[in-house]
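Laboratory data are not the source of any read-out in this text; all were calculated from the coordinates shown. As the structure is a prediction and not an experimental result, all values here were calculated from the model. Note that each Cβ is placed from the backbone with ideal geometry, even for glycine, and that neighbours are counted across all protein chains shown.
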Amino acid sequence: RATGAEAAATGPAATGREATGRAGAAVHSGEAVASVLAGDVIVTLVADEEFGSLGTMEVLRSFRADAAIVAEPSELCLTLAHRGFAWFEVELTGLAAHGSQPERGVDAIAHAGLVLRALDELRSEIEAAAAHPLLGHGTVRVSTIAGGTDAATVAAACTLTIERRTLPGQSPDQVEAELRALLERLAGNVDGFRFRLSRLVARAAFEADPEWPIVRLLAERATEVLGRRPEVRGEPFWTDAGLLHEAGIPCLVVGVDGGGAHADTEWADAASVDALTEILTRTITDFCA
């Protein structure tokens with residue numbers, strides 16, 4: 001149970017991983033209707049959804065579905081879009097020299113500073129572009145930076161990891177080309193600027209069609225359960241809905257209310273777990289009847 005201010009604000013809440021509430025709702029709704037349906041219900045409790053998504057990728061190799069519901073934290077709102085992402089590594093190669101004679105070397109850390117400045121300019125361009133109605137703008141940022149060997153040596157190498165959050169319609173190939181062009185401009189204008197760009201992981205953004213039958217049906221059943229039309233929104237984070245969408249499976253995201261993601265105090269509102277269970281049960285019953 002939640003304690004203190006959280007309990008006062010939210011009422012009864014189950015502490016522990018918020019995913020437990022979503023998983024429980026999915027399992028209970030599937031059990032409740034499995035014996036009376038004409039169609040099949042596949043409940044998957046997958047691992048690795050926050051990195052390589054190996055669980056969902058394996059599911060997609062083994063099963064096909066007419067529709068999917070992804071239970072991620074949405075506060076019982078309907079998530080019809082979320083950003084994608086791409087992680088890149090940039091290796092800058094300089095030339096080591098004694099710190100007393102820096103003119104004899106090529107400082108890879110100084111070149112990293114030029115990359116940071118260029119990324120600031122790219123960020124301004126991203127924010128000046130037209131905003132997505134549910135997602136706003138994409139983002140770009142440096143996640144890690146490492147370089148140099150000691151205080152008395154000009155850095156011969158510096159490595160940056162860069163995260164680019166993307167919008168629907170922006171492919172990993174497009175944002176990689178954008179980043180490569182930025183680095184090539186620096187290489188053409190700065191003596192000794194040498195780089196190697198690698199794509200680490202990339203996932204496309206997701207956007208549902210509000211007219212898909214699964215979206216319309218779940219919205220109707222959520223309205224019945226909640227007594228109000230659920231809010232439609234987009235999320236800045238990525239979910240496995242992106243993979244399902246790429247595989248041609250109509251889907252949307254809906255999940256419980258809660259907070260404290262990834263913290264020791266992560267929690268889910270108990271009433272929202274009950275509501276999600278009922279919403280899923282009614283939706284599955286009608287979709288697979």
Sketch the reach of a paramagnetic label on residue 229 as a point 7 Å from Cα along Cα-to-Cβ, and name the residues of region 60-92 whose backbone nitrogen lies under 20 Å away. 75-81
Compute the distance from the alpha-carbon center of region 55-96 to that of region 120-155, in whole Å. 20 Å
With a Förster radius of 22 Å, plug the Cβ-Cβ distance of residue 96 and residue 116 into 1/(1 + (r/R0)^6) and report the FRET value to the nearest 0.05. 0.55
Starting from the Cα of residue 152, step 7 Å toward the Cβ, then list every residue of region 100-134 with an amide N under 16 Å from that point. 100-102
Taking 8 Å as the Cα distance limit and 6 or more residues as the minimum spacing, I'd like the relative contact order of region 84-203 as a percentage. 43 percent
What are the residues whose amide H is under 5 Å from the amide H of residue 208, where those residues sit 5 or more places off or on another chain and H is modelled from the backbone? 81
Based on the alpha carbon coordinates of region 84-203, what radius of gyration and maximum Cα-Cα distance (Dmax) apply, in Å? 15.8, 54
Taking amide H positions as placed in the peptide plane 1.01 Å from N, state which residues far from residue 266 in sequence (5 or more) or on other chains have amide H under 5 Å from it. 16
Spin-label point model (7 Å from Cα, Cβ direction): what's the residue 180 to residue 288 distance in nm? 4.5 nm
List, in order, the whole-Hz ³J(HN,Hα) value for each residue of region 72-83 obtained from phi through the Karplus relation with A = 6.51, B = -1.76, C = 1.60 and θ = phi - 60°; use x for Gly and Pro. 10, x, 9, 6, 6, 8, 9, 8, 10, 7, 8, 6
Virtual spin-label span in nm between residue 54 and residue 187, 7 Å along Cα→Cβ: 3.3 nm
The long-range amide H neighbours of residue 201, using H built 1.01 Å from N in the peptide plane and a cut-off of under 5 Å, are 87
